[in-house]
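Structure first, then comments.
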Amino acid sequence: MPADRRDDTPKAPLIRLADYRPPAWLVETTDLTFDLHPDATRVRARIDFTRNPDGPGGPLRLDGRGLRLLRASVNGEDVTDRLTLDAEGLTLDAPLPDAFVWECETVIAPAANTALEGLYLSNGMYCTQCEAQGFRKITYYPDRPDVMAVFSVRIEAPAELGTLLSNGEPGESGPLPGGRRYACWRDPWPKPSYLFALVAGDLRAVSDAFVTASGRKVALNVWVRPGDEDRCAYALDALKRAMRWDEEKYGREYDLSVFNIVAVDDFNMGAMENKGLNIFNSKYVLASPQTATDRDYELIESIVAHEYFHNWTGNRITCRDWFQLCLKEGLTVFRDQEFTADQRSAAVKRIEDVRQLRARQFREDAGPLAHPVRPDSYREINNFYTATVYEKGAEVIRMLRLLVGEETWRKGMDLYFERHDGQACAVEDWLKVFEDVSGRDLSQFKLWYEQAGTPRLRVREEWDGRALTLTLSQRVPPTPGQPDKKPMVIPVACGFLGQSGDEIAPRRLFELTEAEQSWRIELPERPTLSLLRGFSAPVILERDADPAERAFLLAHDSDPFNRWQAGAALAAEAIAAQTALRDGVPTLTPAPIAPGVVEALGKALRDETLDPAFRALILAPPSEDEIAQALFDRDGVVDPQVVHAARERWKDALTDALADDLAALRALHRPVGPYSPEAADAGRRALANGALALLARRPQGQADAAAQFAAADNMTDKLAALTALTHNGAPQADEALEAFRRQWAHDPLVMDKWRMIQATSPQPDAFARVKALSEAEDFQWRNPNRLRSLVGAFAMANPARFHAADGAPYRFYADWLLRMDKVNPQTAARMAGAFETWRRLDAGRQALARAQLQRIAAEPGLSRDLSEMVERMLDG
Ligand code: PHE
Ligand code: ZN
């Protein structure tokens, strides 16, 4: 059994927010010495404990998992025999002074660590991942974020591991006898154990320097494997821009003399903000025009910024306990969103973020895994790194800023840093800061942290010839464990358009705080309302607007988000109208798509005053999952294949009606000259390739796609062409796929794209291909990127094929989850979310999905991660 496999414990205990107690013992300094060896790394820890005067008292209890303890002492006196060891740690039940030095030596096996949590090996490189609770797999420790200490680290390793890194500032280093070396690091900033990091390997640095606003020089390094040096420039550039932005926007400077980023190939998540030593999934560092798409560049920019911004929101001010995860994540996502908005187009960024929110978070909020932004209980915290904590958490911050206003927001951020620097905080501390700077009572606002589910907002309008009476009402649907909800504070930004399309009154911000409220607004003429501008609250607007009004807003709204939203609603409603229940069964209807609807979009697409990136978003049809969510609301049941067919009809209607426009857009907007990942060029490529995706539904477009595939000098255009061919079942598809494979077989990150294209293809053979590819000899499924890009992408992003009526893909997917669970429970559990929509389906598919979930749940020795996920999906 692999070393990381959790014990066959009956059921992990439920951890509750209400049970939080301060730590019994605090730590001043933590000194660690690592003697690196793949099978037996020795870790010596010297920890300075003091009794917490505000703590609950009690014996010394330390977390530890999968450790082999050699010896332990208190103030130099051996206590090894007096310890009680169990699967989760140790207890020393002996009288202890108020301050003492704990020393212990443990042995761990990085090479056997396939869970990628704690200290592990990735392609011969040692690296760590400690958030949330991985440090306890390195040594015994009070592994909780409210214990903050100053860490010193000494690493000893074979000399061929040329680079030895840890947090903070570099200290002494040099050779050791026996072909070994050592290096020391000291991090002066007290930090919780989850921010500890260590890296050792044969690495190359791509370096630069940054001078802070106050004139301190910071060395910047991006560490990669030899051969990857030419793919680091963009990440490094993004880092410098992020550092500058945090100074200019929030007055926050970096606080060490060195900032290291390391790219690793085996990583469970996107990246990790360890103090001074960020560790990244290599996918979010390495980029060249030939290997990375525009989307990859954008993600690299935002993730580099996100991890950097954590230095202040997360590291300097951290979380008191893991229930407060949104305190650092929601805020930091909000900050990285604003950064990207400033670097690129704010309108485009907002639309992209809302699309993501609806696709991932609204879906989560509507299903059995729904939970509040601040959950109140969990069994496995790793299962709560969710779209709700991150993305909805960011929306809550955005609403707060809108409610208190820009200036007060900035004052609040200053006060937050001033008051809480160096502390481990809770959501209450955060809200108190904003109550103090704004004078507002935020107790009702706090419900956004406590109530799960996406609020529904209804709108009524009455015009009496002089004034508009606007009535807003809200309803928050029941979610698991929360049958009844209270009314929330919903900021509704609203514009008023006259018949000419101009604004006839200043924008208003309505604060809905009751179940229903009305406002009377005097106006010179009956307005067309532009509601929820900028998506001012993460709610579902239930409003039956006629297509003419939507077309009017699409043509005239000065709020770019709502302009896009009008077009998106036209498309979504046209698609929804293609299906209806017949005898309770979702069926395609023969309803034709109104030409006026397509023409309204066509008009916006032709408008050369509009940003191409924005028009690319207008062209993109709503996702199948988004349509499914709306149809479930309407019909109470969804057939993913009917959804797919309805959406295909919409794409056909667009292609038929706008073929000439699409060809013209493509011709006009394909950038000429050398590739640049800058937003302007990326936007033009997005529009041209969006047009190609539709044109390739026809033979002429397929010939064009094949030509683009052959000629493209960058991955964006190449991949767009290959996708257009593959997803439309073009006769040229197989040859192009094979050519791509031959060209990129040596590059795992590029081959992930190749697999993903096939996994997400709506063509009937997609499942057979995914199966064959997953069984191929060269498929390195233990790497999370590999499994996710093939098997995960199929289940998450190919609903029509995943939800085959015979249930075969469900069984296939469950087999993979079980297989991955034995190796890497975190990744298996995250991937299990593909089943979260199972209750939307018809009875037949529900039975098939339930059977697979039950089969997983019954598996002996299932991890705590995966068992919590399947149980919540079955119960919720
Ligand atoms: N804290 C990381 C981030 O969002 C995410 C992460 C969580 C990474 C857990 C690894 C493990 O920036
Ligand atoms: Zn984060």
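Arrange the residues D765, D266 by how much accessible surface each exposes, largest first, with a 1.4 angstrom probe.
Values: D765 65, D266 30 Å².
Sorted descending by solvent-accessible area, the residues read D765, D266.
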TODO: Step through the residues of the range 647-658 one at a time and calculate ³J(HN,Hα) from phi using the Karplus curve (6.51 cos²θ - 1.76 cosθ + 1.60, θ = phi - 60°), rounding each to whole Hz and writing x for Gly and Pro.
DONE: 5, 5, 4, 4, 5, 5, 4, 4, 5, 5, 6, 10
Task: Part-to-part distance (alpha-carbon centres) for the range 288-307 and the range 89-167, which is given in Å - done: 31 Å
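Given a 1.4 Å probe and every protein chain left where it sits, what share in percent of the accessible area of the chain is carbon and sulfur? Can you show the working numbers first?
Numbers: 16540 of 32420 Å².
Carbon plus sulfur share of accessible area: 51 percent.
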Open item on the list: Ignoring trypsin sites (Lys or Arg not before Pro) that are buried or in helix or strand per DSSP, and keeping those with at most 13 other beta carbon atoms within 10 Å, what is the longest stretch of the chain between them?
Closed with: 467-876
Task: Reachable lysines from K753, criterion Cα separation under 18 angstrom, eight or more residues apart if same chain - done: K283, K718, K771
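Viscosity 1.002 mPa s, temperature 20 °C: what is the translational diffusion coefficient of the range 73-144 from Stokes-Einstein with a Kirkwood Rh over Cα pairs, rounded to a whole number of µm²/s? Could you put the intermediate results ahead of the total?
Details: Rh = 14.0 Å.
Answer, rounded: 153 µm²/s.
Once Rh for the range 1-142 is found with the Kirkwood sum over Cα pairs, what is the Stokes-Einstein diffusion coefficient at 4 °C and 1.567 mPa s, in µm²/s?
Translational diffusion coefficient: 80 µm²/s.
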Open item on the list: Give me a comma-separated list of calculated 3J(HN,Hα) values for the range 758-766, in order, Karplus coefficients 6.51, -1.76, 1.60 applied at θ = phi - 60°, integers in Hz, x for any Gly or Pro.
Closed with: 6, 5, 9, 6, x, 5, x, 8, 4
Open item on the list: If I take every Cα pair under 8 Å that is 6 or more residues apart in the chain, average their sequence separation and divide by the length, what percent do I get for the relative contact order?
Closed with: 9 percent
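Seen from all sides and averaged, what is the projected area of the convex hull of the Cα atoms in the range 174-225, in nm²?
Mean shadow area of the hull around the Cα atoms is 5.8 nm².
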- [ ] Report P(r) for the range 427-509: all Cα-Cα distances, bin width 5 Å, range 0 to the bin holding the largest distance, values in whole percent.
- [x] 3, 11, 16, 17, 15, 14, 11, 8, 4, 1
Open item on the list: Given points 7 Å out from each Cα along the Cα-Cβ axis, report the A710 to R244 separation in nanometres with one decimal.
Closed with: 4.3 nm
- [ ] Answer with one residue from L523, I317, I627: the one whose Cα lies farthest towards the positive end of the charge dipole of the chain, charges on Cβ with Lys, Arg +1 and Asp, Glu -1.
- [x] I627
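Under the √(5λ) rule applied to the eigenvalues of the Cα gyration tensor, what semi-axes describe the equivalent ellipsoid of the range 37-84? Give them in Å, descending. Intermediate values should be presented prior to the final figure.
On the way: eigenvalues 117, 35, 27 Å².
Working through the eigenvalues yields semi-axes of 24, 13, 12 Å.
Averaged per residue, what accessible surface does the range 287-367 expose to a 1.4 Å probe, in Å²? Don't skip to the answer; put the middle values down first.
Numbers: 1710 Å² over 81 residues.
Result: 21 Å² per residue.
If I stretch the segment between S214 and D464 completely, what's the gain in nm (0.36 nm per residue apart, minus their alpha carbon distance), one decimal?
Values: separation 250, 0.36 × 250 = 90.00 nm, distance 6.02 nm.
Between S214 and D464, full extension yields an extra 84.0 nm.
Hey, if we sort D557, D342 by accessible area with the 1.4 Å probe, largest down, what's the order? Write out the running numbers ahead of the final one.
Working: D557 5, D342 80 Å².
These residues rank, largest area first, as D342, D557.
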TODO: Under 15 Å Cα to Cα from K651, which aspartates and glutamates show up? Leave out anything in the same chain fewer than 8 places away.
DONE: E573, E599, E624, D660, D661
Task: Reachable aspartates and glutamates, given that their alpha-carbon falls under 15 Å from the alpha-carbon of K191 and they are not under 8 places away in the same chain - done: E28, D31, D48, E131, D143, D146, E169, D255, E273, D321, D421
- [ ] Along Cα→Cβ, 7 Å out, is where each label goes; now give me the distance between the ones at N75 and R741 in nm to one decimal.
- [x] 6.9 nm
Open item on the list: With just the Cα atoms defining each centre, how far is the range 309-377 from the range 421-468? Give it in Å.
Closed with: 16 Å
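Evaluate 2.2 N^0.38 Å with N set to the residue count of the range 124-205, then give the Cα radius of gyration divided by it. Present the calculation step by step, with values, prior to reporting the outcome.
Numbers: Rg = 13.3 Å, N = 82, 2.2 N^0.38 = 11.7 Å.
Its radius of gyration relative to the 2.2 N^0.38 Å reference: 1.14.
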Open item on the list: What's the whole-number percent of alpha carbon pairs in the range 503-570 lying beyond 18 angstrom?
Closed with: 42 percent
TODO: Could you tell me which of the pairs K249/K411; K411/K486; K275/K392; K11/K446; K137/K822 are separated by over 20 angstrom between their Cα atoms in the structure shown?
DONE: K411/K486; K275/K392; K11/K446
Task: Rounded tilt (10° steps) of 715-727 against the dominant C-alpha axis of the chain - done: 60 degrees
- [ ] Return P(r) of the chain (all Cα-Cα pairs; 10 Å bins starting at 0; whole %; ordered from short to long distances).
- [x] 2, 12, 21, 26, 21, 12, 5, 1, 0, 0
Task: D_trans [Stokes-Einstein, Kirkwood Rh over alpha-carbon pairs] for the range 233-324, 25 °C, 0.890 mPa s, µm² s⁻¹ - done: 178 µm²/s
Open item on the list: Could you give each residue of the range 615-622 its phi-based ³J(HN,Hα) in whole Hz, using Karplus coefficients 6.51, -1.76, 1.60 with θ = phi - 60°, and x for Gly or Pro?
Closed with: 5, 4, 6, 5, 6, 5, x, x
TODO: Express the relative contact order of the range 41-130 as a whole percentage, based on alpha carbon pairs under 8 Å and six or more residues apart in sequence.
DONE: 34 percent
Task: Residues with amide H under 5 Å from that of L198, placed H, sequence gap 5 or more - done: T128
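Taking only DSSP H segments of four or more residues, each worth -39500 (n - 2.57), what value at 222 nm results for the chain once the sum is divided by all its residues, to the nearest 500 deg cm²/dmol? Walk me through the numbers before you get to the answer.
On the way: 27 runs with 335 residues, N = 876.
Taking each H run of at least 4 residues, the total per residue is -12000 deg cm²/dmol.
The values are calculated or read from the model by the stated rules, or taken from the named source; none is laboratory data. In this text, all values refer to a predicted model and were calculated from it rather than measured experimentally. Quick reminder, even Gly has a Cβ in these numbers, built from the backbone with ideal geometry, and neighbours come from all protein chains shown. Accessible surface is based on the protein model in full, side chains and every heavy atom, while ligands, DNA and RNA are left aside. Shrake-Rupley method; radii C 1.70, N 1.55, O 1.52, S 1.80 Å.
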